[in-house]
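J.: Following this message is one structure expressed as structure tokens.
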Amino acid sequence: MSATRTLLTLAATAALLPTACSSGDSSPDRTGTEAPDSVTILTTTTEVIVASPTTAPSDTPSASTPETTATTPPATSPTSSAPPTTAAPARVGEPVVTGEAIADFERPIDLAVRPADDRFYVVEQSGRIVRLDGTERETVLNLAGRVSSGNEQGLLGLVFSPDGTKAYVNFTDRSDDTIIAEFIVNEAGVFDPTSERMILDIDQPFPNHNAGDLAFGPDDLLYVPLGDGGSGGDPQRRSSDPGTLLGSLLRIDPTPGAGAAYTIPPDNPFADGSDGAPEVWAWGLRNPWKIAFDPVTDELWIPDVGQNTFEEINLVGPVDGTAAGRGADFGWSAFEGTERFNDDVPDTDAMTPPVLTYGRADGCSISGGIPYRGTAIPELEPAFLYSDFCNGTIWALDLAGARTLTLLDGFDSVVAIRVGPDGEPYVLERSGTMHRLIPG
């Protein structure tokens, strides 16, 4: 099986930050389908185009200093047998993109767009959702008194319903559990804090690997990626067990039904609950960070933070009219990337391999990511944009050319790349600044 897990390996030259490592499990360690042959296999050619983000304007508010946490030493992992790779020489020429600082926030961690709304909704990890309208800011929801604090805890994700009338948030509460809650949003985009409705309350055995994202798919159903419960090495083997919600991608209809807060879609692989949890759509994930659907192809991108050796990106598409990822096993913790990890977890041909991995020479905690479908930077379509918390580089997995592009260096601990209301990419730094990527 291992030999069939073909992928594109990224080779870059950025140095790691000495205090951050996803395997330590105290860093911001974040972040379906059919058989492996349904995944596009890419080549190893690398083209490098480097630029630097522009400096924030002098009138931009100063960023808050993020809370720091000591990093735990990495645990022992299997020795990698992957062949060494060599980065291609940089191509001299004009950069395709540069960065433009837009505004500063306090520990921003996510950005959401409300349908038919040209304002930014920025999630701050401490518990606030801040709406940015030009230079005007408004806190539209404040959960600061209810979220747990910690490097991988807090208010982590936000998504709006397809009609924009509801907002769904993902946060860890004071008991360190994952909460998915719904709020009513009026026509003016104002949240009603009294309308809160609990959707999911998921026990978390450890404070890390909370993932935290939310997404509505092209089927208008809510997808919820969950980490494996934390600690290190998936000690209770949750990710390989579709009977538990942890280490899985959930798919639910948040409409109440049959006395429950949500409804199970009838085409979920375990909808009857006989062989797995009814909510589970896919599994085999460690800490999936910032999933994204491609609005053109309906493919689903799932960057997943690695343990000690590899970061990975998973890509799955719809099959025979079925939404992307149904019944997929992404392999953790039988595999980390393409290498065997826990030998007691069976290796099966049904596992879906990643389309890209990279090692510790290039980063330690993948911060995905979006398929670019904007219009301002036509050279980037089609491409998947992503970064890494530990080296501040923006990469593009260029699907048209089957190569990786190094677009920008010099960011400060990227936590997310998201699509803005204009359809263009925005980068969130841990230190506070939100940048827009623009043509160079």
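J.: Being over 14 Å from the mean Cα position of the chain (by Cα) and under 22 Å from Met434 (Cα atoms) is the requirement here; does Gly374 meet it? It would help to see each step written out before you state the result.
T.: Working: over 14 Å from the mean Cα position of the chain (by Cα): yes; under 22 Å from Met434 (Cα atoms): yes.
It is true that Gly374 is over 14 Å from the mean Cα position of the chain (by Cα) and under 22 Å from Met434 (Cα atoms).
J.: Considering only segment 304-311, I want to know if a residue exists there that is within 17 Å of His209 (Cα to Cα) and β-branched (Val, Ile, Thr). Don't jump to the end; show me each part of the working.
T.: Start the filter on segment 304-311 by keeping residues that are within 17 Å of His209 (Cα to Cα), which leaves 304-311.
Next, only the ones that are β-branched (Val, Ile, Thr) stay: 305, 309.
Yes, because at least one residue in segment 304-311 is within 17 Å of His209 (Cα to Cα) and β-branched (Val, Ile, Thr).
J.: Restricting attention to segment 335-350, which residues are of a type outside the set (Asp, Glu) and crowded, with 24+ Cβ neighbours inside 10 Å? Explain how you work it out, then say what you get.
T.: Step one: of segment 335-350, the residues of a type outside the set (Asp, Glu) are 335, 337-338, 340-342, 345-346, 348, 350.
Within segment 335-350, Phe335, Gly337 meet the criteria.
Quick grid of which residues meet (1) in contact with a Gly (Cβ under 8 Å, 6 or more places away or on another chain); (2) over 28 Å from Val224 (Cβ atoms); (3) buried (at least 21 other Cβ atoms within 10 Å of the Cβ):
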residue: Phe310; (1), (2), (3): yes, no, yes
residue: Ala323; (1), (2), (3): yes, no, yes
residue: Ile370; (1), (2), (3): no, no, yes
residue: Leu405; (1), (2), (3): no, yes, yes
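J.: Looking at Arg237, Arg251, can you tell me which residue is among the basic types (Lys, Arg), surrounded by fewer than 20 Cβ atoms within 10 Å (Cβ to Cβ) and under 23 Å from Ala328 (Cβ atoms)? Steps first, answer last, please.
T.: Values: Arg251 fails: surrounded by fewer than 20 Cβ atoms within 10 Å (Cβ to Cβ).
Residue meeting the stated conditions: Arg237.
J.: Taking the criterion of being part of a loop (DSSP other than H, G, I, E, B), surrounded by 22 or more Cβ atoms within 10 Å (Cβ to Cβ) and out of contact with any Gly (no Cβ under 8 Å at 6 or more places or on another chain), would at least one residue in segment 272-285 satisfy it? Quick ask: steps written out before the conclusion?
T.: Keep residues of segment 272-285 that are part of a loop (DSSP other than H, G, I, E, B), which gives 272-279, 284-285.
Those still in the list that are surrounded by 22 or more Cβ atoms within 10 Å (Cβ to Cβ) too: 279, 284-285.
Then drop every residue that is not out of contact with any Gly (no Cβ under 8 Å at 6 or more places or on another chain), which leaves 279.
There is at least one residue in segment 272-285 that is part of a loop (DSSP other than H, G, I, E, B), surrounded by 22 or more Cβ atoms within 10 Å (Cβ to Cβ) and out of contact with any Gly (no Cβ under 8 Å at 6 or more places or on another chain).
J.: Name the one entry in Thr348, Thr357 that is β-branched (Val, Ile, Thr) and assigned to a loop (DSSP other than H, G, I, E, B).
T.: On the way: Thr357 fails: assigned to a loop (DSSP other than H, G, I, E, B).
Only one candidate qualifies: Thr348.
J.: Let me ask something else about it. Could you list, in sequence order, the residues of segment 240-255 that are within 24 Å of Asp347 (Cβ to Cβ) and under 17 Å from the mean Cα position of the chain (by Cα)?
T.: Of the residues in segment 240-255, the ones within 24 Å of Asp347 (Cβ to Cβ) are 240-249.
Matches in segment 240-255: Leu246, Gly247, Ser248, Leu249.
J.: Name, by its number, the condition in (1) closer than 21 Å to Leu300 by Cβ; (2) out of contact with any Ser or Thr (no Cβ under 7 Å at 6 or more places or on another chain) that does not hold for Ala211.
T.: (2)
J.: Hey, any hits in segment 258-266 for a residue that's closer than 26 Å to Arg174 by Cα and assigned to a loop (DSSP other than H, G, I, E, B)?
T.: Just the residues of segment 258-266 that are closer than 26 Å to Arg174 by Cα, to begin with: 260-262.
Among the residues that remain, those that are also assigned to a loop (DSSP other than H, G, I, E, B) are: 261-262.
Yes, some residue in segment 258-266 is closer than 26 Å to Arg174 by Cα and assigned to a loop (DSSP other than H, G, I, E, B).
Quick note: the coordinates plus some simple rules give every number you see, no bench work behind them. Predicted, not measured: the structure shown is a model, and the values here were computed from it. As a convention, Cβ positions derive from the backbone with ideal geometry for all residues, glycine included, and neighbour counts pool all protein chains shown.
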